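S.K.: I have a structure here, written as structure tokens, and I will follow up with some questions on it.
The values are calculated or read from the model by the stated rules, or taken from the named source; none is laboratory data. Predicted model only: the values in this text are computed from it and were never measured. Note that we place each Cβ from the backbone using ideal geometry, even for glycine, and neighbour counts take in every protein chain shown. Heavy atoms of the whole protein, side chains included, go into the accessibility calculation; ligands, DNA and RNA do not. Shrake-Rupley method; radii C 1.70, N 1.55, O 1.52, S 1.80 Å.
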Amino acid sequence: MLRFLKYLVITLFVLGALGVGAIMGLYFYVKPELPSVDTLRDVRLQTPMQVYTKDGQLISQFGEQRRIPVTYDELPQAMIDAVLATEDSRFYDHFGVDPIGVMRAFRVLVMTGEMREGASTITMQVARNFFLTRERAWMRKIKEAFIALHIERLLSKEEILALYMNKPGLGHRAYGVAAAAQVYYGRDLDQLTLAEIATIAGLFQAPSILNPISNPAASVQRRRIVLRRMLDMGFIDQDAYEAAFHAPVTASYHVAEIEVSAPYLAEMVRQEMVDRYGVEVYDSGMKVYTTITAEKQMAAEQALRENLHDYDERHGYRGPVRRLWGLTPDAVRGLQTSALMDEATIENIREFNGGRWDDAAIRAHLARQPRFGRLISAVVLEVGEKEAEVMLRGGQRITLPWEAMDWARQFLDHDRQGRAPRTAGEILEAGHQVWIRRVGEEYRLAQLPGPASAVVGLNPQDGAIESIVGGYSFNVSQYNRAIQAKRQVGSTIKPFIYAAAMEHGFTLASLVNDAPITQWNPGSGSAWRPRNSPEVYDGPIRLREALARSKNVVSVRLLRSMGVDTTADYIRRFGFKDDEIPRNESLSLGSASFTPLEMARAFAVFANGGYLVDPYFIARIEDADGEEVYRANPKLVCPDCRQEELNPDGWWEDEPLPQAPRVISEQAAFLVTEALKSAIWGGGSWQHQTGWNGTGWRAQSLRNRNIAGKTGTTNDVRDAWFAGYSRGHVGVIWVGFDNLEFPLGRTTLNANLGRQRQPITASEAGGTTALPGWIRYMETALPLVDSSPFELPSQMMSVRIDQRSGKLSRRTDHTSQFEYFIEGSAPTEFADDGQRSPRVFEDADNGLF
């Protein structure tokens with residue numbers, strides 16, 4: 001017996017030594033291929049790049065992996081318990097490799113001949129997740145075990161568990177438990193129920209198979225296994241187990257909670273960040289804080305959309321998106337897939353043989369429809385005399401009253417509509433798929449607007465873009481009209497021409513002849529006849545009134561007086577590119593094409609007193625650790641300011657701030673602003689006491705006399721503009737049709753590909769089409785910015801003048817008014833009280849101009 005024990009001990013010792021030797025041999029064999037685990041000390045998990053407003057509200061995020069890293073202390077105890085119970089119940093008892101688990105896996109291998117159990121501890125899974133593949137091979141398992149041993153020597157158990165909770169993919173692009181909580185339940189980890197925690201813990205094994213959204217039945221079974229193990233290990237009691245065991249499936253897909261809609265800006269940021277840091281930026285975890293503010297941005301988007309809907313309602317109803325039932329048998333048989341009818345819709349129509357669909361089919365159909373802006377897809381169920389019942393996306397039924405659809409005269413063309421409808425049946429039929437929009441607490445029949453639009457809000461003191469909307473819906477078109485669409489600016493060019501005139505001897509009291517012009521062109525054998533719109537001519541007119549009332553022929557005569565090249569060179573000062581400024585007389589009528597952002601920058605010169613700022617939209621950037629890696633340092637309109645004065649905490653040293661260059665005199669900027677204030681508020685008339693209105697008179701509804709602005713309409717009425725400003729904000733809006741075609745049922749936006757753009761109809765203009773949108777926007781923006789009176793520059797004076805002649809006046813009645821002049825340019829003669837004949841500028845070639 002003793003001899004047997006002796007041999008047994010020797011045998012075990014030899015086997016142990018051989019085993020240790022084998023392990024050491026394996027270690028040294030694979031050692032050259034083992035990665036360094038030191039990187040786990042400073043691991044950088046891939047997290048999406050996020051874009052925020054200036055005031056910290058989420059705009060968008062970019063990146064394939066949606067991850068929200070959390071520390072061990074931020075993990076709910078129930079989540080830790082659930083994961084340990086199912087993934088590694090002996091986590092705190094082993095050293096990275098669990099011998100008991102290894103023996104169990106070895107026994108299964110011997111008995112079945114298959115590697116059904118991996119014996120992987122949480123530490124080994126961390127090793128695989130960070131350094132290895134998921135290949136089922138002995139050599140990978142050996143490497144995994146050695147790496148796990150290294151990890152256990154380097155990190156604490158809590159650090160290892162935190163890495164494990166943050167790393168793996170748990171389905172639907174959610175990586176880590178915190179991201180999974182947001183994706184499946186739309187809540188933070190500490191807000192989840194026990195059933196929801198158990199569901200997420202069950203995903204570690206097979207996130208695609210056990211997914212609560214795509215496979216809820218399997219997810220419930222896995223959740224119950226997790227709960228049973230938690231009960232067996234004493235982590236929960238019987239009551240908690242029963243409640244969570246029978247809890248319903250509450251998971252649904254949640255995208256990142258976007259707080260502010262600014263998709264066009266988000267795309268601008270994405271492109272800029274990729275240009276700076278490469279495609280790796282998508283998973284860098286960087287936070288980009290933009291210059292826009294939430295209130296202004298939401299106001300701009302709402303103003304653009306409501307303004308386009310107002311335009312569309314003025315021009316008639318183009319009909320439903322499609323008809324789902326009520327079709328003839330021949331029509332059903334002839335259906336083919338197209339941009340108007342997808343295969344699933346055709347199958348439903350054929351299934352119901354052209355008859356009414358059941359509610360389940362309608363709900364399923366509506367769930368497949370795209371989203372455009374705030375339009376809601378709906379199907380008409382029943383139509384009464386003055387109302388209609390419709391089903392909305394999601395299955396909600398509502399009744400549309402007559403007031404929600406009485407606008408819908410039939411669209412004939414862009415200048416003509418049918419007669420006003422008298423009943424709902426003239427507009428809608430059961431089976432029509434239509435668009436609905438919400439206005440306040442009410443719903444209203446709608447359609448995808450025909451024209452496009454863009455809005456830009458700019459801070460004139462430093463160039464910060466405070467709002468930007470590039471179109472009705474980013475889902476319709478990613479084309480950012482605010483920065484990409486070069487459109488003829490029409491009469492919005494005139495303030496720049498008048499600014500040149502102010503610096504070339506003209507004053508606001510100068511008289512120029514408002515009379516028709518005819519210029520014969522021998523080369524073409526035709527005459528150029530620029531016309532006013534409307535075609536009203538008032539003879540000699542002061543420049544203040546001419547600009548406020550947008551007199552085209554006066555603009556032409558001013559350009560002729562200064563010369564085309566002189567005027568074009570002056571206009572370049574406002575930031576426009578030289579090769580985009582036409583060097584001919586059509587420049588005076590706005591034949592140049594610029595983007596809304598370029599126009600906002602140019603009008604900022606008037607708002608800030610003559611300085612050219614550079615637009616920018618990224619205020620600062622933080623890395624994944626919250627460290628600031630970039631802060632914008634824009635050129636400011638702040639003479640003699642120093643960094644310490646504006647930022648005493650000191651990101652910069654105390655040194656002169658970068659200054660925006662002065663491009664026109666502050667006196668010229670002030671005088672043009674005065675005339676543009678008259679474009680809104682009008683002025684007095686020597687002919688009658690009621691005075692006259694400028695083209696922007698509708699902006700009087702804002703009840704703010706410290707705003708200025710200019711309408712713009714191109715000759716062919718293809719583009720409508722309004723550019724307006726206060727001291728603290730510039731807002732520009734453009735409305736017009738695109739060059740592209742977006743086929744969306746009978747709501748086709750435009751069919752102009754390769755041809756001239758469609759006009760917005762002769763009945764529209766900058767003051768009726770663009771200005772109402774600007775007013776809507778500024779109703780929100782104005783109270784948030786500096787709208788105090790524009791400061792009177794030095795070397796300026798104010799004298800009373802005669803409105804008819806522009807000369808000095810002794811009268812104090814409606815025939816006179818005070819006017820501003822640059823010192824030395826004011827009139828010196830008094831108007832003759834008897835005749836007050838005007839002095840009109842002349843030139844040798846054209847007589848009165």
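S.K.: Can you put ASP81, ASP73, ASP614 in order of accessible area, largest first, using a 1.4 Å probe?
M.R.: Sorted by accessible area, descending: ASP73, ASP614, ASP81.
S.K.: Could you tell me the accessible area of VAL536 in Å² (1.4 Å probe, neighbours in place), rounded to the nearest ten?
M.R.: Per-residue accessible area (VAL536): approximately 70 Å².
S.K.: If a/c stays under 1.5 just call it rounded; otherwise compare a/b with b/c (prolate if a/b is bigger, oblate if not). Do that for segment 149-277, with a ≥ b ≥ c from the square roots of the Cα gyration tensor eigenvalues.
M.R.: oblate
S.K.: What does the charge count around GLY590 come to, taking other residues whose C-beta lies under 11 Å from its C-beta (Lys +1, Arg +1, Asp -1, Glu -1)?
M.R.: Neighbour charge sum, excluding GLY590 itself: +2.
S.K.: Over 22 Å between C-alpha atoms is what I'm after, so list which of LYS296/LYS486; LYS551/LYS710; LYS296/LYS494 land there.
M.R.: Too far apart for the 22 Å limit: LYS296/LYS486; LYS296/LYS494.
S.K.: Ok, one more. Around ASN215, with a cut-off of 15 angstrom between Cβ atoms, what is the net charge of the other residues, counting Lys and Arg +1 and Asp and Glu -1?
M.R.: After counting each charged neighbour, the total is +3.
S.K.: Right, next: Note down the accessible area of SER491, probe 1.4 Å, to the nearest 10 Å².
M.R.: Its accessible surface works out to 10 Å², give or take rounding.
S.K.: Kindly report, to the nearest 10 Å², the accessible surface of SER763 as traced by a 1.4 Å probe over protein heavy atoms only.
M.R.: For SER763, solvent-accessible area is about 90 Å².
S.K.: Can you list residues from other chains, or at least 5 along the same chain, whose modelled amide H is less than 5 Å from the amide H of ILE468?
M.R.: Those lying under 5 Å, H to H, from ILE468 are GLY457.
S.K.: With charges set only on the Cβ (+1 for Lys and Arg, -1 for Asp and Glu), what does the dipole of segment 184-257 come to about its Cα centre, in debye to the nearest 20?
M.R.: Roughly 360 debye, rounded to the nearest 20.
S.K.: Still on this model: If you add up the charges near TYR264, with Lys and Arg at +1 and Asp and Glu at -1, over every other residue whose beta carbon is less than 15 angstrom from its beta carbon, what do you get?
M.R.: After counting each charged neighbour, the total is -1.
S.K.: What list of ³J(HN,Hα) couplings, whole Hz, do you get for segment 233-238 from phi and the Karplus terms 6.51, -1.76, 1.60, once you set θ to phi - 60° and write x for glycine and proline?
M.R.: 8, x, 6, 9, 9, 5
S.K.: With +1 on the Cβ of every Lys and Arg and -1 on the Cβ of every Asp and Glu, and nothing else charged, how large is the dipole of segment 216-290 about its Cα centre, in debye rounded to the nearest 20?
M.R.: 340
S.K.: So for ARG314, ARG173, what's the accessible-area order with a 1.4 Å probe, most first?
M.R.: Correct descending sequence by accessible area is ARG173, ARG314.
S.K.: Hey, another quick one. Long-range amide H contacts for ARG620: which residues qualify at under 5 Å (H placed 1.01 Å from N, peptide plane, sequence gap of 5 or more or a different chain)?
M.R.: TYR289, ALA632
S.K.: Something else: Taking θ = phi - 60°, what integer Hz values does the Karplus form 6.51 cos²θ - 1.76 cosθ + 1.60 yield along segment 722-733, in sequence order, with x for Gly and Pro?
M.R.: Rounded to whole hertz, the list is 8, 10, x, 7, 10, 5, x, 7, 10, x, 10, 10.
S.K.: Rolling a 1.4 Å sphere over the protein heavy atoms, what is the accessible area per residue of segment 466-544, to the nearest Å²?
M.R.: 37
S.K.: Over all directions, the average projected area of the alpha-carbon convex hull for segment 465-504 comes to how many nm²?
M.R.: 4.3
S.K.: Let me ask another. Just to make sure I understand: if all protein chains stay in place, what is the order of ASP275, ASP716 by accessible area at 1.4 Å, largest first?
M.R.: ASP275, ASP716
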